[in-house]
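K.L.:
Quick one: this structure, given as C-alpha cells, is what I'll be asking you about.
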Amino acid sequence: NEPTIEELRQIALIGQNAQGRIVSKEDMIARVYSLPNNFGRVFRASVRENPFNPFSTYLHVISRDSNGKLTQSSDTLKKNLSIYLENFRLITDAVDIVDTKIINIGYDYTVTVDEKYNSQTTIQNINRKIKNYFDIKNFQIDQPIYLSELQNLILNEPGVISLIDGKIINLRGFHNQRNYSSIVFNERIYTDRGVVYPTPGSIFEVKF
C-alpha cells in the first residue's frame, strides 16, 4: 500500500535527523576537515580500530606549523575537535583522539650518468623530482612508500644510465644541525616486496 501523508512525514523527519551523522570512517574524516578554522586546523586525519577496545575507534590527527612542517596537534585543538564531533557521532560510538607519529626520512641513491650529460644538472633534476614526490601534500597518515615509483622517477631522467642503489633512511633527533622527530624507524623491518610501510598511526615526512 502507498504510505499515508503522516507516514511520509515521519520518514522525512527520520531522514533529516540522520543527515550529517558520522556512520563510516569517511564520514568521520569529512567532519574533522570541516571543523571551523577558528577552533584550529587539522592537516591530516585517519581512523582505525582500537586494538585494545572493540567498542572504541582511534582518530589520529596531525597539524602543520607556520613553516608547513608537521607538528603535533595542540591539546586545545583536540578538545575543540572532540566537542565538535560530539554533535555528529552516534550515541554508541566512542572515539579516542590521539597523536600521529611523525617519521622523518630521507632517500639515499646512487646513479650512473651518461658522460654526454652534465652530472651535476642531472642530480639536481633528480632531486627536484624526489622533492616533489615527497611533498607532504601528497601524503596521508598510514600511507606507504612504493620504491618502484622512486626508481622510475630516477631512471626516466635523461642521462641516467642505471640506478645502482636507492633506499629510505630514518632521520631522527639532531642531525646535521637540523632537528627531526625522535621516532625511531627501522626501514628494513617495515619493507615488504618493495613497499615501505609506516608503523600504525604514523606519517612519513621529508622535513628538509
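The values are calculated or read from the model by the stated rules, or taken from the named source; none is laboratory data. Since we're looking at a predicted model, the values are computed, not measured. Here Cβ is always computed from backbone atoms with ideal geometry, including for glycine, and neighbour counts include all displayed protein chains. The accessibility values were calculated without ligands, DNA or RNA, using every heavy atom of the protein model including side chains. Shrake-Rupley method; radii C 1.70, N 1.55, O 1.52, S 1.80 Å.
K.L.:
So Pro200 ticks every box in (1) assigned to a loop (DSSP other than H, G, I, E, B); (2) within 19 Å of Asp135 (Cβ to Cβ) but one. Which box is left unticked?
P.N.:
Result: Pro200 fails condition (2) only.
K.L.:
Does Ser24 fit the bill of being at pLDDT below 80 and hydroxyl-bearing (Ser, Thr, Tyr)?
P.N.:
Here the answer is yes, as Ser24 does meet what is asked.
K.L.:
Moving to a separate point now. Every residue in the range 176-197 that is touching a strand residue (DSSP E or B) at 6+ places or on another chain (Cβ under 9 Å) and closer than 20 Å to Gly68 by Cβ, please.
P.N.:
Across the range 176-197, the qualifying residues are Tyr180, Ser181, Ile183.
K.L.:
Residue by residue through the range 149-159, note down the ones that are surrounded by 17 or more Cβ atoms within 10 Å (Cβ to Cβ) and out of contact with any helix residue (DSSP H, G or I) (no Cβ under 6 Å at 6 or more places or on another chain).
P.N.:
Matches in the range 149-159: Leu150 only.
K.L.:
So, in the range 145-193, exactly how many residues are of a type in the set (Gly, Ala, Ser) and within 15 Å of Lys101 (Cα to Cα)?
P.N.:
The total comes to 3.
K.L.:
Let me ask something additional. Being part of a strand (DSSP E or B) and open to solvent by 40 Å² or more (accessible area, probe 1.4 Å) is the filter here; which residues of the range 99-117 pass it?
P.N.:
Asp99, Lys101, Asp108, Tyr109, Thr110, Thr112
K.L.:
Now for a different question. Quickly run through the range 122-139 and pick out the residues that are without any contact (Cβ under 8 Å) to a residue 24 or more places away in the chain and over 23 Å from Arg44 (Cα atoms).
P.N.:
Result: Ile123, Gln124, Asn127, Arg128.
K.L.:
If I ask for residues that are among the polar types (S, T, N, Q) and crowded, with 16+ Cβ neighbours inside 10 Å, which ones from the range 175-208 would you list?
P.N.:
Ser181, Thr191, Ser202 - these are the residues of the range 175-208 that are among the polar types (S, T, N, Q) and crowded, with 16+ Cβ neighbours inside 10 Å.
K.L.:
Considering only the range 125-148, I want to know if a residue exists there that is open to solvent by 80 Å² or more (accessible area, probe 1.4 Å), more than 29 Å from Glu49 (Cα to Cα) and assigned to a loop (DSSP other than H, G, I, E, B).
P.N.:
Within the range 125-148, not a single residue is open to solvent by 80 Å² or more (accessible area, probe 1.4 Å), more than 29 Å from Glu49 (Cα to Cα) and assigned to a loop (DSSP other than H, G, I, E, B).
K.L.:
Something else now. I need the full set of residues from the range 48-78 which are in contact with a Lys or Arg (Cβ under 9 Å, 6 or more places away or on another chain), over 20 Å from Ile183 (Cα atoms) and open to solvent by less than 20 Å² (accessible area, probe 1.4 Å), in order please.
P.N.:
Leu77
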